[in-house]
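These notes are about the structure you will find just below.
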Amino acid sequence: MCTKQNELIGNVAAIVRSRLANQGAGHGYDHIQRVWQTARNLQQKSGGDLLVIELGALLHDIGDAKFHGGEERSKEYSMEILQQLGVDEVTMNHVCAIVDNISFRKRESAETLSLEGQVVQDADRLDALGAIGIVRTIEFGAAFGQPFYAPNDASQKTGVGHFHEKLFKLRDLMNTAAGRQLAKERETFMRSFISQFERECAGQC
Ligand code: ADP
Ligand code: NI
């Protein structure tokens with residue numbers, strides 16, 4: 001990538017970092033940094049335009065609905081930021097289409113993703129899996145008052161329930177072969193964690 005593109009990425013990263021400074025619950029800048037790095041790693045194996053992938057990864061949660069009164073504003077904010085930085089229209093529209101269509105929530109109604117969108121989506125989903133995925137689920141529960149485990153109350157929403165309702169489905173939804181392989185490894189780790197956790201809770205080890 002040329003110096004100008006690197007400069008652009010650096011500027012976008014700085015804006016995202018300052019905008020997300022006060023967000024926790026698994027959605028802080030640390031999440032963005034991991035998705036950004038994972039997206040770069042996946043791009044090396046799967047291809048796709050690196051600039052679009054990096055911008056998509058950096059901006060994908062910039063206006064997450066959870067932090068904006070239930071209204072998803074990532075596309076709108078991305079457009080503002082990229083326009084302000086003088087990004088060309090083709091790149092801007094491509095990045096905005098990615099940001100607007102990668103969420104799990106939108107999967108039924110999303111537009112078909114470009115290769116770049118598929119890479120960013122895989123990177124985002126991978127961050128919900130593995131050791132990081134376990135920690136983020138616990139952080140989410142702590143922030144929203146949900147227990148991680150409630151063996152005596154089947155009606156209670158829990159973190160462990162979230163593993164089964166959403167996270168263990170992600171592997172089959174991965175777009176790229178490299179993403180699927182990583183998802184498989186991360187899911188195996190989570191299943192092993194849950195087995196040990198349940199054995200310990202039941203006093204079996
Ligand atoms: P992203 O937008 O980055 O894909 P989400 O906003 O869906 O992620 O969720 C952020 C983190 O919180 C993820 O790790 C996710 O698995 C976790 N999470 C989301 N919903 C729940 C829930 N109902 N219970 C526990 N964890 C959750
Ligand atoms: Ni995300």
Among the residues of the range 120-132, is any in contact (Cβ under 8 Å) with a residue 40 or more places away in the chain, within 24 Å of H162 (Cβ to Cβ) and more than 16 Å from ligand 2 (Cβ to nearest atom)? yes
Which residue pairs have Cβ atoms under 7 Å apart, sit 6 or more places apart or on different chains, and have a first residue in the range 37-51 that is touching a residue at least 24 places away in the same chain (Cβ under 8 Å) and a second that is in a loop (DSSP other than H, G, I, E, B) and aliphatic (A, V, I, L, M)? L50/M1; L51/M1
Of (1) under 24 Å from V135 (Cβ atoms); (2) away from ligand 2 (no atom under 14 Å from the Cβ), E76 satisfies all except one. Which? (1)
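So, A131, is that one touching a Leu at 6+ places or on another chain (Cβ under 8 Å) and hydrophobic (A, V, I, L, M, F, W, C) or not? Steps first, please.
On the way: touching a Leu at 6+ places or on another chain (Cβ under 8 Å): no; hydrophobic (A, V, I, L, M, F, W, C): yes.
It is false that A131 is touching a Leu at 6+ places or on another chain (Cβ under 8 Å) and hydrophobic (A, V, I, L, M, F, W, C).
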Check R171 against each of (1) of a type outside the set (A, V, I, L, M); (2) part of a helix (DSSP H, G or I); (3) loosely packed, with under 12 Cβ neighbours inside 10 Å and name the one condition it does not meet. (3)
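Given I102, I134, which one is within 11 Å of ligand 1 (Cβ to nearest atom) and modelled with pLDDT of 95 or more? Before you say what the answer is, go through the steps one by one.
Values: I102 fails: modelled with pLDDT of 95 or more.
Unique residue meeting the criteria: I134.
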Failed condition for A128, given (1) within 11 Å of ligand 1 (Cβ to nearest atom); (2) of a type in the set (A, V, I, L, M, F, W, C); (3) not in a loop (DSSP other than H, G, I, E, B): (3)
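Is one or more of the residues making up the range 20-29 within 18 Å of the chain's Cα centre (by Cα) and at pLDDT 95 or above?
no
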Subset of the range 56-88, residues within 16 Å of I9 (Cα to Cα) and without any contact (Cβ under 8 Å) to a residue 12 or more places away in the chain, comes to E80, Q83, Q84, G86, D88
Scan the range 131-168 residue by residue and report those that are part of a helix (DSSP H, G or I) and closer than 30 Å to L50 by Cα. A131, I132, G133, I134, V135, R136, T137, L167, F168
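Quick one: is T112 surrounded by fewer than 18 Cβ atoms within 10 Å (Cβ to Cβ), assigned to a helix (DSSP H, G or I) and of a type in the set (S, T, Y)?
On the way: surrounded by fewer than 18 Cβ atoms within 10 Å (Cβ to Cβ): yes; assigned to a helix (DSSP H, G or I): no; of a type in the set (S, T, Y): yes.
For T112, the condition - surrounded by fewer than 18 Cβ atoms within 10 Å (Cβ to Cβ), assigned to a helix (DSSP H, G or I) and of a type in the set (S, T, Y) - is not met.
The values are calculated or read from the model by the stated rules, or taken from the named source; none is laboratory data. What you see is a predicted model; the values in this text were computed from it and never measured. No Cβ is skipped: glycine too gets one built from the backbone with ideal geometry, and neighbour counts run over all protein chains shown.
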